[in-house]
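> Would you mind keeping the following structure in view while I ask a few things?
Just so it is clear, none of the values below were taken in a lab; they were calculated from the coordinates. Every value quoted in this text rests on a predicted model; they were computed, and no experiment measured them. A quick note on method: Cβ atoms are made from the backbone with ideal geometry, for glycine too, and the neighbour counts reach across all protein chains shown.
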Amino acid sequence: MAHTPLTDTQSDAVVSPVSDGTGERLRLETVTKTYFTDGQPVHALNGVSLAVREGEFVALVGRSGCGKSTLLNLAGAMDFPTSGRVVVDGQSVIGAGDRLLRRLRGGFAARAE
């Protein structure tokens with residue numbers, strides 16, 4: 001199994017695609033996500049890029065706080081990047097209509113902390 005590390009300056013998260021699928025379903029292009037806590041920036045993701053093809057299985061692995069959930073929230077259009085692009089089935093989620101966003105969000109379940 002090949003491991004493709006997607007490491008940013010703040011994170012050691014690793015994404016491991018496993019498959020010989022065809023057709024790109026998800027693409028993140030140089031995505032950043034910055035939150036502000038007490039007026040201070042917290043860089044959850046910094047320049048992360050990822051492509052997932054139809055039929056691939058992807059595992060996000062990393063220590064607590066490295067950006068795994070943030071990446072999933074962006075991939076599922078539950079949140080939007082500070083910069084960069086998130087493309088699902090060839091359509092950018094930025095500026096996407098409510099219909100596409102509802103379809104994307106319908107496939108995600110909230111996790112209990």
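> Compute the length gained on full extension between Asp98 and Ser64: take 0.36 nm times their separation in residues and subtract their Cα-Cα distance, giving the result in nm to one decimal.
9.0 nm
> Ok, one more. Mind sorting Phe36, Phe80 by how few other Cβ atoms lie within 10 Å of their own Cβ, fewest first?
Fewest-to-most ranking of Phe36, Phe80: Phe36, Phe80.
> At a 10 Å Cβ-Cβ cut-off, how would you order Thr34, Thr82, Thr70, fewest neighbours first?
On the way: Thr34 13, Thr82 16, Thr70 21.
The fewest-first ordering by Cβ neighbours comes to Thr34, Thr82, Thr70.
> Follow-up. Would you mind ranking Val93, Val42 by Cβ crowding within 10 Å, fewest neighbours first?
Ordered from fewest to most neighbouring Cβ atoms within 10 Å, Val93, Val42 come out as Val42, Val93.
> Long-range amide H contacts for Gly47: which residues qualify at under 5 Å (H placed 1.01 Å from N, peptide plane, sequence gap of 5 or more or a different chain)?
Val31, Thr32, Lys33
> Glu56's amide H: which non-local residues (gap 5+, or another chain) put their own amide H closer than 5 Å, with H modeled 1.01 Å from N in plane and none for Pro or chain starts?
HN-HN under 5 Å from Glu56: Gly21.
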